[in-house]
1. Being within 28 Å of B:Gly371 (Cα to Cα) and out of contact with any helix residue (DSSP H, G or I) (no Cβ under 8 Å at 6 or more places or on another chain) is the requirement here; does B:Glu57 meet it?
2. Looking at (1) assigned to a loop (DSSP other than H, G, I, E, B); (2) charged (D, E, K, R); (3) outside the structural domain of B:Ala75 (by the TED database), which is the one condition that is false for B:Glu233?
3. I'm trying to understand the selection: among the residues of the stretch A:190-211, which are buried (at least 24 other Cβ atoms within 10 Å of the Cβ), within 14 Å of chain B (Cβ to nearest Cβ) and among the hydrophobic types (A, V, I, L, M, F, W, C)?
4. On the basis of being in contact (Cβ under 8 Å) with a residue 60 or more places away in the chain, surrounded by fewer than 24 Cβ atoms within 10 Å (Cβ to Cβ) and basic (Lys, Arg), does B:Arg406 make the cut?
5. Answer yes or no as to whether B:Leu339 is over 18 Å from B:Glu429 (Cβ atoms), within 14 Å of chain A (Cβ to nearest Cβ) and in a loop (DSSP other than H, G, I, E, B).
6. Quick check on the stretch B:522-532: of everything there that is surrounded by fewer than 20 Cβ atoms within 10 Å (Cβ to Cβ) and touching a Leu at 6+ places or on another chain (Cβ under 8 Å), which residue is nearest to B:Glu724 (Cα to Cα)?
7. Tell me, yes or no, whether the stretch B:658-666 has at least one residue that is in a loop (DSSP other than H, G, I, E, B), closer than 18 Å to B:Asp527 by Cα and not charged (D, E, K, R).
8. Where in the stretch B:129-225 are there helices (runs of 4 or more DSSP H), lying wholly inside it, with at least 1 residues that are under 20 Å from the mean Cα position of the chain (by Cα) and either in the same structural domain as B:Ala88 (by the TED database) or on the phi > 0 side of the Ramachandran plot (or both)?
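The values are calculated or read from the model by the stated rules, or taken from the named source; none is laboratory data. What you see is a predicted model, and the numbers here were worked out from it, not measured in a lab. Virtual Cβ from ideal backbone geometry, glycine too; neighbours counted across all protein chains shown.
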Amino acid sequence: MTDTGRNPGTPLAPDWFDTVAVNTPAAERRAASLTARRTVKKEWQAAWLVNAIRCIDLTTLAGDDTPARVQRLCAKARQPLAPHILQGLGLEALTTGAVCVYPTMVAPAVKALEGSGIPVASVATGFPAGLMPLPLRLAEIRYAVDQGAAEIDIVISRAHVLSGDWQALYDETAAMREACGDAHMKAILATGELKTLRNVYKASMVAMQAGADFIKTSTGKEPVNATLPVSLVMVRALRDYGARTGARVGFKPAGGMRTAKDAIAWQVLMKEEMGNDWLQPDLFRLGASSMLADIERQLDHHVTGRYAASHRHALA
Amino acid sequence: MPSVKEILMSMEYGPAPESAAEVQKWLAARGAFGHFIGGSFAAPGETFATANPATGEELAQVTQGTEADIAAAVAAARKAQPGWAALAGHERAKWLYAIARHVQKRERFLAVLETLDNGKPIREARDIDIPLVARHFYHHAGWAELLAEEFPGAEAHGVCGQIIPWNFPLLMLAWKIAPALAAGNTVVLKPAEYTPLTALAFAEICAEIGLPPGVVNIVTGDGETGAALVASEVDKIAFTGSTEVGRAIRKATAGTGKSLTLELGGKSPFIVCADADLDAAVEGVVDSIWFNQGQVCCAGSRILVAEAVEEAFTRRLTARLAKLRVGDPLDKSVDVGALVHPVQLARVQEMVAAGTAAGARLVQADCALPGEGCFYAPGFLTGVPPANPVADAEIFGPVATLTSFRTPDEAVELANATRYGLAASVWTENVGLAMDLAAKVKAGVVWVNSANIFDAGAAFGGMRESGFGREGGRAGLRDYLRSPEVEEALEAEARFDTSPVAEAVGQGGGIDRTAKMYFGGKQARPDSGQSYAVTHEGRVLGLAGLGSRKDIRNAVEAAAKAGGWGRATAHNRAQVLYYLGENLSARAGEFAARLVEGGHSADAAALEVDMSIRRAFYYAAQADKFDGAVTATKTAHVTLQMPEPFGIMGIICPDAAPLLGFVSLVLPAIAMGNRVVAVPAASRPLSATDLSQVLDCSDVPDGVVNIVTGPKDELAAVLARHDEVAALWYVGAAEGRRSVEAESTGNLKPVWALANRDWTGPQGQGRGFLQRATQVKTIWVPYGE
């Protein structure tokens, strides 16, 4: 992750979000029209899909993860596209933005990615529910950092949002940020469990005030994960936070995005609402596991003119 | 083409043009277009070019319609109409369904053709115009199916002449043709001079499905062709376009008996309250004034923003403006395309220049415009006090005005300070405030936390100088139907004499009775200081005030002060009407005697008084039952269609039934919350002036009913010309009907000019009167959390 200056956070300032107005039908309309208003074709489509790969946190977060499975994922992260595709696109090198794993899988991932420059991200803090005692959650962060994780994807306590206890949410998240040390912190809001877009905005703002480097939609384990309306509201929150503090906070939608079309849609959202800086991996990540396969198929078609079969591409 | 590597650096969108090849092929194959008359295309006559405004390139030659062409088309429509109307509703439904299906099958073709001819972005043509066209025909296939059941006894007008604008060419065609056909009318439609091509493609679809010849006729041409259509032997004119042309059409159709609906201009307020979701409101502006290059009659072109958030809102709006992509309309990633024509471009430039010359500041997108074509960088004007010329004039381009307000009251005041009343958009997260503003804004359509949402099931149309009549839904269909012909009853002889009389008047030894006029709950002497004799068979029954224009002025002023009546509960109005009936009943003998004195038989007098009492009960009953509707439109939208009173109505009563005629017209008007200035039977005004005492003791608030006696047609003309009078009913002879219609063009008030009739019969009362006393306001409330 290229360092653009981390978000130092601020003291808790509830007046930045207390009375926020978020009109849900309007957010849904905007989200729907964003993707209808913009499209990319031909070389541009290919480039935008390549850019998506640069921003992917290639992820495996399953109970049956093993070091060997993680190694396979890392190999894909190093070479996300088959050589003939890369060559056809006129590119020399390409990697995903990061690899994202559970804390106990950090060490094998770090080893597998040695020399690639690809950071390892680790979920932590009792992922995905986050309902472990705080000291254990903080210890888990330290463990993952100790194992070599450069980025920590923490989960917030949904209970604090649902009960409106912003102070508790702030304190906890600030403590996590401190535990991260030099590792960048992505705060997962689990928006599918916060339900209202106002809650999403408020939780985003508290997480940023507590020093989150990224705000992230979902664990991938909630009933509803990344959606465009939720993403729109989070992005507007980080825009507002940036306008007040000058800090640049990144955004990571995660979960539920599976297609190349999704990859374009979220990039359009970032470009329209924020600008090109938020199309770079230091400020934008896509948390996805199966999306890469679809992108690779599309790019294969772009290069060869033939529709590809997934069994001819390397598994992630 | 740049390499992937280069694009990765720039992350530009790149070009994404929709192909026009199929459409170009069709245009080349078709050559010059003739009119579509009687089911086939006529040979081209004298032609003119229609061009692509994005490039200036000619697309096709189309025929300039002549009077003879119009006559031929009307004749074809006339010939087809009886057969079309005689079809079972189900049969007409099948035709409309086929049209809807074929529009969908040709959706890409139609979208591209629309974009080429009009200059609108392909995204809008593809995602908005064409889907709404198909939806409109589906919806009206349903009305055709249900017509007999839903509108028992109603008839088609016959042949409808329809004139549509260039901003939504095919969509406006659908709004006109679908309801007309569903109701059993046949049509002659003239598309706009600048954008005739989708109408001609639609004609091909009619031919493709085998629609019976003459049911749909398309005649192309300019304003002169339109004027010829207005003057032709049609039964109804439906027009969408400028207020200026609407006025001319009102004048031209006056007294012809042609039914008329007008959908005209607007300068619609876009109210952003302090607690609004500002990002949502900013996006609302994008969907309003930066939609279709701002060439939208209902665009929220007047942004009114709460002072508390003006700075924040303006900052966000400016940032959003910078993201708009202006350029090739066929590019799928373009937000703002070309204005329709160089004339329109020049007009927008001129108006914006006038605004800035008067002190407004233009904030404009800093974007590169294509080197040629009718492009204009979108923007908005700040510092626009009401006195600036652009504050009330319709720019009809992608430039809104922005003005701040301090309180919601002031927002309403500013919103309503306009001659128009087409649409409004209201942004607040407070549902109480949203509905309050929606209720108080004078507009036919109100969008809460949204803008420019349309559906075939929701009525669309204006108040004030934005026109009258509705399109869409039940109200829209009703404008293509009429009640069966009323048998015209003979008017009483006008025994109207204003010179002083030299004989004994009135009570013969009793105390002299003075029939005064009645304004604001007070008996009033005529401003002229003159009275006229009311006589019967040479006998003078009394003197009535000789009303003049100043009395009308005073009466309207009194009515204007009684605005609370429209806000009273329906129950409250019902109570007042019941009480009126009660008090009239208590004095039935006296009122009957007055009628007998004027020549009624005893039986006729008793019947008229009894019917008047019943009428009070009928409209009391209706006061809280003539309801609006909640319409099924889109998911998670409450779409309310509410009948609203006009405000102040002028009512010119028949001579024939001095009491019942007055009661039959005034009571439905006030039952719906209107205030009335009524001119009673000129020859026998004393029943009405007597009634003022009953009004007084029945708790009718001051100013709700105002009575001016005197020369009927002179007073009617003053009312017709009065800009504060929002609607006018006139019962009387043909010449009077023509006159009030012609005089109504000032504020384009709807005029209901009806023949005298047997007021004791079934045609003397009904929901039709209540429909004429109200205008539908459609309120859109999207919901969701």
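1. Working: within 28 Å of B:Gly371 (Cα to Cα): yes; out of contact with any helix residue (DSSP H, G or I) (no Cβ under 8 Å at 6 or more places or on another chain): yes.
For B:Glu57, the condition - within 28 Å of B:Gly371 (Cα to Cα) and out of contact with any helix residue (DSSP H, G or I) (no Cβ under 8 Å at 6 or more places or on another chain) - is met.
2. (3)
3. A:Leu197, A:Val200
4. Working: in contact (Cβ under 8 Å) with a residue 60 or more places away in the chain: yes; surrounded by fewer than 24 Cβ atoms within 10 Å (Cβ to Cβ): yes; basic (Lys, Arg): yes.
Yes; evaluated as a whole, the condition is true for this residue.
5. Values: over 18 Å from B:Glu429 (Cβ atoms): yes; within 14 Å of chain A (Cβ to nearest Cβ): no; in a loop (DSSP other than H, G, I, E, B): yes.
It is false that B:Leu339 is over 18 Å from B:Glu429 (Cβ atoms), within 14 Å of chain A (Cβ to nearest Cβ) and in a loop (DSSP other than H, G, I, E, B).
6. Ranking the qualifying residues of the stretch B:522-532, first place goes to B:Ser528.
7. Narrowing the stretch B:658-666 to residues in a loop (DSSP other than H, G, I, E, B): B:658-659.
Then drop every residue that is not closer than 18 Å to B:Asp527 by Cα, which leaves none.
No, the stretch B:658-666 has no match at all.
8. On the way: elements: B:130-150, B:169-183, B:197-209.
Per the criteria, B:130-150, B:169-183.
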